[in-house]
Amino acid sequence: MMKKNLVILMALFFGTNGLAQDGFMPENILQMDDYFTHHLLVAEKSTHSLHLFANENGLPKLVKTFQMATGKKAGDKIFQGDHRTPEGIYHFTEFLPHEELLKRHGKAGEIYGVGAFVMNYPNPIDERDGKTGGGIWLHSTNDETRIEKGLDSRGCIVAHNGNLINISQYIELNRTNVIVVHNLKFLPTKTWETNKADMLATVNDWVDAWTTEDFDRYISHYSKEEFKDKSKGSYQAYRNYKKAVFQAPGTPKISLENVSVMSAEDYAVVTFKQNYESATIKDIGKKILYMKKDQYYKWKIVAEIWTKQGIEEEEETQVAFQPKMRFFTTTNPSQILGEGFVEHKTTENN
């Protein structure tokens, strides 16, 4: 009955073409792009559903929904060993095939099935909130009947082996995101568009202040109370560092490409390709802004990450993403797990 209701709900909101209908859009996906969010996953814990979305002109298109299991205990993860699945916005950093899992964990590694995708928990927001633990993965299992229980992992997201292989075709490490929520909520389109415009206006003003070297306006986009930089430390230390950079001769040229915007319960993540050129530096990297609203409902940056991970070097042309078998050599779980593996048939695929 729950599955039937879920299908009806998705049909109501997404219609036959997969885009939101009847004036509603998914609250957690504000903007997708063809580079970092050509596809993303939303793990909805209340319905034990893993939704795969594709980018369609910046809008989320529902591709398919899979059944999943999450932590044995309900609620957001707080500390190591609490058997809860963390809620928030994450990306996949590593893939561990079946053979590697057996090498690391011996026979106990069989419980992870055909493979596991490592999530970047704890992210900067989790660390700020004092959450502990690690080893949060999207993986499969050698006993697919446990997925029917819904709450059956130590904190990971668990899918059927065949479904994980299917999902893997849409994943790129250090690009593809998974948003973990209790409920996937929908907003009236007008409200959704207002939220999106508000976030993009904030980001555009931040980069405009940077390129025009308007330091006061630039630094006003950072939270005095909550911002922390991994290398510079506190807000004040970061402010002093950036003040010195702004005073250096020359005006930087900065442009953003492939901007995606996702939201969680109390924060948002903006990801983009950043092109930076100054008198001494010319570089392209991936920038991730973690943002929260202050007491006046203004978006402020609380963490900022720049990395080369997820950026292809010396890209001459951007080739459109195509799903393909990047991580597995077969679609048959038995060829990986052995003939003793018994596949549990599921009707959860839409």
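Express the relative contact order of the chain as a whole percentage, based on alpha carbon pairs under 8 Å and six or more residues apart in sequence.
19
Which entries in the list Lys131/Lys253; Lys73/Lys286; Lys230/Lys308; Lys196/Lys243 go over 27 Å, if you measure between the two C-alpha atoms of each?
Details: Lys131/Lys253 38 Å; Lys73/Lys286 35 Å; Lys230/Lys308 16 Å; Lys196/Lys243 30 Å.
Over 27 Å apart, Cα to Cα: Lys131/Lys253; Lys73/Lys286; Lys196/Lys243.
Take every Cα pair under 8 Å in segment 167-294 that's 6+ residues apart, average their separations, divide by the length, and report that relative contact order as a whole percent.
16
What whole number of Å gives the distance from the Cα centroid of segment 190-226 to the Cα centroid of segment 34-62?
Here the answer is 26 Å between Cα centres.
Applying a 10 Å radius around every beta-carbon, put 294-301, 95-102 in order of their mean neighbour count, most first.
Working: 294-301: 13.1, 95-102: 17.1.
In decreasing order of mean packing, 294-301, 95-102 become 95-102, 294-301.
Mind computing the radius of gyration and Dmax over the alpha-carbon atoms of the chain? Å is fine for both.
For the chain, the Cα radius of gyration and maximum Cα-Cα distance read 21.0, 68 Å.
In terms of Cα to Cα distance under 16 Å, which aspartates and glutamates are near enough to Lys77, apart from those fewer than 8 places away along the same chain?
Glu44, Glu87, Asp126, Glu127, Asp129, Asp152, Glu265, Asp266
Please give the direction-averaged projected area of the C-alpha convex hull for segment 261-345, in square nanometres with one decimal.
One quarter of the hull surface, i.e. the mean projection, equals 11.0 nm².
Check cross-link reach from Lys190 to the lysines: straight Cα distance under 25 Å, and skip same-chain residues fewer than eight apart.
Lys61, Lys292, Lys293, Lys298, Lys300
Taking the Kirkwood radius as the inverse of the mean 1/r across Cα pairs, report the Rg/Rh of segment 36-187. Intermediate results must be reported in sequence, preceding the final value.
Details: Rg = 14.5 Å, Rh = 15.4 Å.
Dividing the radius of gyration by the Kirkwood radius yields 0.94.
From the gyration tensor of the Cα coordinates in segment 189-307, what semi-axes in whole Å does the equivalent ellipsoid have, largest first, with each one equal to sqrt(5λ)?
So the equivalent ellipsoid measures 24, 17, 13 Å along its semi-axes.
Add -39500 (n - 2.57) for each DSSP H run of 4 or more in the chain, then divide by its residues: what number comes out at 222 nm, to the nearest 500 deg cm²/dmol?
Here the helix-only value at 222 nm equals -6500 deg cm²/dmol.
For the chain, what is the charge dipole size about the Cα centre, in debye to the nearest 20, if Lys and Arg each add +1 at the Cβ and Asp and Glu each add -1 at the Cβ?
For this selection, approximately 720 debye.
Could you tally the net charge around Lys190, taking each other residue with its Cβ under 15 Å from the Cβ of Lys190, Lys/Arg +1 and Asp/Glu -1?
-3
Take each of the peptides 238-245, 265-272, average the number of other beta-carbon atoms within 10 Å over its residues, and list them starting from the highest.
Most protected by this proxy first, the peptides run 265-272, 238-245.
Treat the count of other C-beta atoms within 10 Å as a stand-in for reagent exposure and order Glu339, Glu110 from fewest to most.
Lowest to highest Cβ neighbour count: Glu339, Glu110.
Read-outs: derived from the displayed coordinates by stated rules, not from any lab. All of these numbers come straight from a predicted model, not from anything done at the bench. Positions of Cβ are generated from backbone atoms using ideal geometry, with glycine treated the same way; all protein chains shown enter the neighbour counts.
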